[in-house]
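In what follows, a single structure is set out as structure tokens and then discussed.
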Amino acid sequence: AIIYVAEAEGRLVLVNREYERRTERSAAELLGRTVEAFLPPADAQAVMANDRRVMQERRAVQFESSYLERGRPTTFFSLKFPLVDDAGVVRGVGAISTDVTQRKLAEEALRRSQERFEKVFRASTIAICVTSLADGTLVDGNVALQALTGYTVAEMRGNTGDELNLWVQTG
């Protein structure tokens, strides 16, 4: 995880090793500077806007942000929280960010795969039914299944495979 603490003015006062590794800069190069000194302008503006929002709202906020990192789109899930002194004055912001790029890529691949399955499922001339793993009841079926049984998916939904076999034999 990437961890940092910044003063209200945006100057970094703490960074962890992962922050150093990701920015390819040492803590000595980072501390006392704002993100504008080392992030692309659009990325720096987004980070600072999120930090300001957290300090203005005076509450923890979760963000999902995408940036170019070494030329590759990288997505982070971040939790940012205000740092408040004993007098109730917001003095800065703390942040913990996790790289979720691989998860986001996997989700997108799954979504595309699901779309392809849906197209094949709906267009197939072979009767296909989808049943619940929990209780074996019909969840969905294609047009070919409806033609084979003579029942609509709505009529078959919630019935077990045994009941469906009976329908095919008598349908």
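Quick look at the values:
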| item | result |
| --- | --- |
| Those residues of region 31-62 which are modelled with pLDDT of 90 or more and among the charged types (D, E, K, R), in sequence order | ARG33, GLU36, ASP51, ARG52, ARG53, GLU57, ARG58, ARG59 |
| Test result for ALA28, surrounded by fewer than 18 Cβ atoms within 10 Å (Cβ to Cβ) and modelled with pLDDT of 95 or more | yes |
| Qualifying positions in region 69-112 - assigned to a loop (DSSP other than H, G, I, E, B) and over 13 Å from the mean Cα position of the chain (by Cα) | ARG70, GLY71, ASP85, ASP86, ALA87, GLY88, VAL89 |
| Any chance GLU115 is closer than 30 Å to ASP140 by Cβ and open to solvent by less than 100 Å² (accessible area, probe 1.4 Å) | yes |
| Breaking point among (1) within 23 Å of ILE3 (Cβ to Cβ); (2) at pLDDT below 90, for VAL84 | (2) |
| Yes/no for ALA109 being modelled with pLDDT of 90 or more and either of a type in the set (Phe, Trp, Tyr) or closer than 30 Å to ILE2 by Cα (or both) | yes |
| Filter pass, LEU68 being of a type in the set (A, V, I, L, M) and either open to solvent by less than 50 Å² (accessible area, probe 1.4 Å) or at pLDDT 95 or above (or both) | no |
| Some residue of region 1-11 being farther than 16 Å from ALA95 by Cβ, hydrophobic (A, V, I, L, M, F, W, C), open to solvent by 60 Å² or more (accessible area, probe 1.4 Å) and out of contact with any Pro (no Cβ under 7 Å at 6 or more places or on another chain) | no |
| Which numbered condition LEU133 misses (of (1) open to solvent by 80 Å² or more (accessible area, probe 1.4 Å); (2) in a helix (DSSP H, G or I)) | (2) |
| Candidate set: region 113-129, residues that are part of a loop (DSSP other than H, G, I, E, B) and polar (S, T, N, Q); chosen: the one farthest from ARG11 (Cα to Cα) | THR125 |
| Pick from region 54-65, criterion in a helix (DSSP H, G or I) and in contact with a strand residue (DSSP E or B) (Cβ under 6 Å, 6 or more places away or on another chain), ranking: least open to solvent (accessible area, probe 1.4 Å) | VAL54 |
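Conditions tested, residue by residue: (1) assigned to a strand (DSSP E or B); (2) touching a residue at least 24 places away in the same chain (Cβ under 8 Å); (3) among the charged types (D, E, K, R); (4) within 27 Å of ASP85 (Cβ to Cβ).
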position	(1), (2), (3), (4)
VAL5	yes, yes, no, yes
ARG22	no, yes, yes, no
GLU29	no, no, yes, no
GLY32	no, no, no, yes
ALA42	no, no, no, no
ARG52	no, no, yes, yes
TYR67	yes, yes, no, no
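The values are calculated or read from the model by the stated rules, or taken from the named source; none is laboratory data. Because the structure is predicted, anything quoted here is derived from the model rather than measured. Neighbour counts are summed over all protein chains in view; Cβ atoms, including those assigned to glycine, are modelled from backbone coordinates with ideal geometry. The accessibility values were calculated without ligands, DNA or RNA, using every heavy atom of the protein model including side chains. Shrake-Rupley method; radii C 1.70, N 1.55, O 1.52, S 1.80 Å.
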